[in-house]
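The values are calculated or read from the model by the stated rules, or taken from the named source; none is laboratory data. Everything quoted here is computed from the prediction, not taken from an experiment. Every residue, glycine as well, gets a Cβ built from its backbone with ideal geometry; the counts of neighbours run over all protein chains shown. Just the protein is used for accessible areas: all its heavy atoms, side chains included, with ligands, DNA and RNA removed. Shrake-Rupley method; radii C 1.70, N 1.55, O 1.52, S 1.80 Å.
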Amino acid sequence: MSERRWSLQERILVDATPSEVHRMVSDLRNMGRWSPECRKVWVPRPPARIGGRFVGFNRRGPFLWFTVGRIAALRAPEGPSGHGEFTFDVGIFGLPIARWGYRCEPEGDGTLVTETWQDLRRGRGARLTDLLGSVFAGTNPQRRVEINRAGMRTTLTRLAAACGGRAD
């Protein structure tokens, strides 16, 4: 068995400004259009703000599950050469599962978008969240990394298409 990976990142260059991309990714209600697993996000009090909570409804094949999230970082790009950041944590039954993030950096005439994932299933409750992932999402921790990498690539490609169609 290979050593467990605790984080991933994927990048794509899109044909939009950092402000436009940041505005799109920080509206979590869009996530159901881009992610291959997330079907819908319910945000009780939009717009996004640090500490704001939401519920994600997910599906992969026959498996259905939900997560509860909290926005951890939200920094809009300042000016045309500014960098943006949007980060949120998800968990279930009060137990942490993962931290997801998006960085938007100007590059040429477009924006370099970096999606990050960090596994938070450590310490107390880690075995339970691993078990819950296997039962409700049909995925053990080792396979979760493969699934997330493929999902991140799909999400970024769909985001690029929503930003005007160009992805390099």
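Determine which single condition P46 fails, assuming it passes every other condition in (1) open to solvent by less than 100 Å² (accessible area, probe 1.4 Å); (2) assigned to a loop (DSSP other than H, G, I, E, B); (3) touching a strand residue (DSSP E or B) at 6+ places or on another chain (Cβ under 7 Å); (4) not basic (K, R).
(3)
Go through the stretch 114-134 and give me each residue that's open to solvent by 20 Å² or more (accessible area, probe 1.4 Å) and among the β-branched types (V, I, T).
Correct list: T116 only.
Which of the residues spanning the stretch 133-168 are in contact (Cβ under 8 Å) with a residue 60 or more places away in the chain and closer than 18 Å to F57 by Cα?
Those that are in contact (Cβ under 8 Å) with a residue 60 or more places away in the chain and closer than 18 Å to F57 by Cα: F136, A137, G138, T139, I147, N148, G151, M152, T154, T155.
Tell me the residue from G94, G101 that is under 18 Å from S19 (Cβ atoms), in contact with a strand residue (DSSP E or B) (Cβ under 9 Å, 6 or more places away or on another chain) and not β-branched (V, I, T), please.
G101
Is it the case that the stretch 73-86 has a residue that's buried (at least 17 other Cβ atoms within 10 Å of the Cβ) and small (G, A, S)?
Yes, the stretch 73-86 has at least one match.
Please state which one of T111, T139, T67 is open to solvent by less than 60 Å² (accessible area, probe 1.4 Å), in contact with a helix residue (DSSP H, G or I) (Cβ under 7 Å, 6 or more places away or on another chain) and assigned to a strand (DSSP E or B).
The match here is T111.
Filter the stretch 49-64 down to the residues that are more than 17 Å from the chain's Cα centre (by Cα) and open to solvent by less than 100 Å² (accessible area, probe 1.4 Å) and list them by number.
G61, F63
With respect to the numbered conditions (1) modelled with pLDDT under 95; (2) more than 21 Å from G138 (Cα to Cα); (3) crowded, with 16+ Cβ neighbours inside 10 Å, which one is the sole condition not fulfilled by I97?
(2)
Please give the number of the condition A16 fails out of (1) among the hydrophobic types (A, V, I, L, M, F, W, C); (2) open to solvent by 80 Å² or more (accessible area, probe 1.4 Å); (3) in contact with a helix residue (DSSP H, G or I) (Cβ under 9 Å, 6 or more places away or on another chain); (4) in a loop (DSSP other than H, G, I, E, B).
The one condition A16 does not meet is (2).
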